[in-house]
1. What's the local net charge at Ala48, with K and R +1, D and E -1, over the other residues with C-beta under 14 Å away?
2. For Leu51 and Asp16 in the same chain, what is the full-extension length gain: residue separation times 0.36 nm, less their Cα-Cα distance, in nm?
3. State whether segment 7-70 is rounded, prolate or oblate according to the following rule on the C-alpha gyration tensor (a ≥ b ≥ c being the square roots of its eigenvalues): a/c under 1.5 gives rounded; otherwise a/b larger than b/c gives prolate, and the remaining case gives oblate.
4. On full extension of the chain, what length is gained from Ala41 through Ala68, given 0.36 nm per residue of separation minus the C-alpha to C-alpha distance?
Amino acid sequence: MDQRNGQRSPSRKAEDRINSAISRDAAIRKEIETERVKSAAKTARLRALRLAKEAADSAEAEKQALVAAPLKSVRPKVRRAPGQ
């Protein structure tokens, strides 16, 4: 502080503003990183659930296809001679 009138010098004011801006930026960056980690974890969890559901649905569809598919009888092909 300046002893004459009880005010801080201009350079000290500038330093205070810079330091407060730096601390705000650091806090915001930390918060952004935290949100990014949360979002990545949520995405990974939802993806795992989706893949598990797709696998279960696929297995169920195969099971239903085997049960519902009629058995085809295999008939031998009859070859005819040309001209008949």
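Please treat every number below as a calculation from the coordinates, not as lab data. What you see is a predicted model, and the numbers here were worked out from it, not measured in a lab. All Cβ positions, even for glycine, are placed from backbone atoms using ideal geometry, and neighbour counts span all protein chains on display.
1. So the surrounding residues net to +4.
2. Numbers: separation 35, 0.36 × 35 = 12.60 nm, distance 5.25 nm.
Separation in residues times 0.36 nm, less the Cα-Cα distance, equals 7.4 nm.
3. Prolate is the answer for segment 7-70, as a/c is 1.5 or above and a/b outweighs b/c.
4. 5.7 nm
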